[in-house]
1. So which of Asp278, Asp247 ends up being in contact (Cβ under 8 Å) with a residue 12 or more places away in the chain and closer than 19 Å to Tyr65 by Cβ?
2. Could you check Pro292 against (1) under 25 Å from Tyr415 (Cα atoms); (2) in contact with a Cys (Cβ under 8 Å, 6 or more places away or on another chain); (3) not aliphatic (A, V, I, L, M) and say which number it fails?
3. For Asp139, indicate whether it is crowded, with 19+ Cβ neighbours inside 10 Å, closer than 25 Å to Gln389 by Cβ, within 22 Å of the chain's Cα centre (by Cα) and acidic (Asp, Glu).
4. Has the stretch 335-357 got any residue that is out of contact with any Gly (no Cβ under 7 Å at 6 or more places or on another chain), among the small types (Gly, Ala, Ser) and in a strand (DSSP E or B)?
5. Please go through the stretch 272-281 and give me each residue that is within 21 Å of Leu238 (Cα to Cα) and either surrounded by fewer than 16 Cβ atoms within 10 Å (Cβ to Cβ) or among the acidic types (Asp, Glu) (or both), ordered by number.
6. Quick one: count up the residues across the stretch 333-355 that are within 16 Å of Phe433 (Cβ to Cβ), in contact (Cβ under 8 Å) with a residue 60 or more places away in the chain and surrounded by 21 or more Cβ atoms within 10 Å (Cβ to Cβ).
7. Based on what the data block shows, is Gly63 buried (at least 19 other Cβ atoms within 10 Å of the Cβ), more than 21 Å from the chain's Cα centre (by Cα), not charged (D, E, K, R) and not assigned by TED's automatic domain parsing to the domain that holds Val426?
Amino acid sequence: MNGASELRREIRERVAQFHKASVRERPAFRAGESTVPYAGRVYDENEVVNLVEAALDFWLTLGPYGDRFERALASYVGMHDAVLVNSGSSANLLAVAALTSHLLPRPIRPGDEIITTACGFPTTLNPILQCGCVPVFVDVDLDTLNPRPEWVADAVSDRTRAVMLPHALGNPFDADAVIKICRDHGLYLIEDNCDALGSEYRGRRTGALGDISTLSFYPAHQITTGEGGAVLVREPRLARIVRSFRDWGRDCWCPSGCDNTCGKRFDWELGTLPRGYDHKFIYSHIGYNLKPLDLQAAIGLAQMQKLDAFVAARRANYDAFARAVEPFADLVACQKPTPGASPCWFMFFMLVREDAPFTRDDLVAHLESRRIQTRMYFGGNLLRHPAYQDIPHRCVGDLRNTDAVMRRGLAIGVYPGLTGAMREHVEGELRSFLSATSRRNVR
């Protein structure tokens, strides 16, 4: 009989063979009949083999793959540490919650203000409210979809404690200017980097620009673990705080399966507990359980090997669509990179001109009829949604550009799974629709 190591080798080989066979059996793309997805998972046999390897070990909670994935993420982005969580939404929650810790010299308190944008995804906003803070909304620039630094500066008050901004659809905000504002006023900078892994700003990777940053590994993002995310931190104390909030709020920092890392497990005296109470069951924060599985980390580690290729593909797809619509700049405007930025684009965003002879809905209907998936820019103006009608907040300006994005904006996919045939189909349909409407307008 074969030993365990020989069986494991055979399993790996057979899993890889299965994946390659299943790929060969997929139907060919047919323009107008097959769907062009806005996003999707892109993987090969390496992710599947890693997943099965982790399953064979049956280490379900975070373990060896988690350690390696965290190190790989921190090294790639350029931060001190990465803390894996179960979603990008949880990452944003932990990023804000960590800054409320009593272990920090200047913790954020309930009632403090955090400057952000109403243009985007709700989980940039939700943690501000969940931690009892007051969001202060600034408008976005219609070219970049990011707030202008002067608008951020105008929003600062004596109650402001932090700025939390997303890199809009992978396009970095003007970090140098925003960082200066934060330094001048003693504010924390939280980067919502969930849509921007691989983006660069003046030679630095996004996610390494602020005090704390976040990532999402949902299938639409630059790499995927199915569900999953990460918090990236600049210094060790903050990493310990994030892990505490992630792991039930416990004071102990031992990883799963380890005991007595501190060397004094039964010799602590904290709170009003009796001296020597087991450190594994002492809680320093009101926390959560937001850990992912080692199975997910195994997938993520294989995805990291493809990240550079994914970034290049997203940029190439974006550039192809930008060239397709460039002759029709009087009808639609596409999102432009922030000066000094090299985005890893999340999607290709278009804004239908206010005086165009068609609406956003007309263009969406045409693309969808040709099996090309479209998306809005997430929630558009979040303040227009039922969930946020009665929240405490402050607005600086009238958010007219945010409303324009909500009413006239749409996006299509640039993810690495787009084939040459898919891309040609999208380019052709964009040109066809815009050419036809342009000719009708001339007549």
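1. Asp247
2. Checking Pro292 against (1) under 25 Å from Tyr415 (Cα atoms); (2) in contact with a Cys (Cβ under 8 Å, 6 or more places away or on another chain); (3) not aliphatic (A, V, I, L, M), the one that fails is (2).
3. Yes; evaluated as a whole, the condition is true for this residue.
4. Checking the stretch 335-357: at least one residue is out of contact with any Gly (no Cβ under 7 Å at 6 or more places or on another chain), among the small types (Gly, Ala, Ser) and in a strand (DSSP E or B).
5. Within the stretch 272-281, Lys280, Phe281 qualify.
6. Total satisfying the criteria: 3.
7. Working: buried (at least 19 other Cβ atoms within 10 Å of the Cβ): yes; more than 21 Å from the chain's Cα centre (by Cα): yes; not charged (D, E, K, R): yes; not assigned by TED's automatic domain parsing to the domain that holds Val426: yes.
Yes.
Each row is one residue, and each column tells you yes or no for (1) within 17 Å of Ala302 (Cβ to Cβ); (2) in contact with a Pro (Cβ under 8 Å, 6 or more places away or on another chain).
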{"site": "Glu25", "(1), (2)": "no, no"}
{"site": "Ala31", "(1), (2)": "no, no"}
{"site": "Ser34", "(1), (2)": "no, yes"}
{"site": "Thr61", "(1), (2)": "no, no"}
{"site": "Phe69", "(1), (2)": "yes, no"}
{"site": "Ala95", "(1), (2)": "no, yes"}
{"site": "Leu104", "(1), (2)": "no, no"}
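The values are calculated or read from the model by the stated rules, or taken from the named source; none is laboratory data. Being a predicted model, the structure only gives us computed values, none of them experimental. Cβ atoms come from the backbone with ideal geometry, glycine included; neighbour counts cover every protein chain shown.
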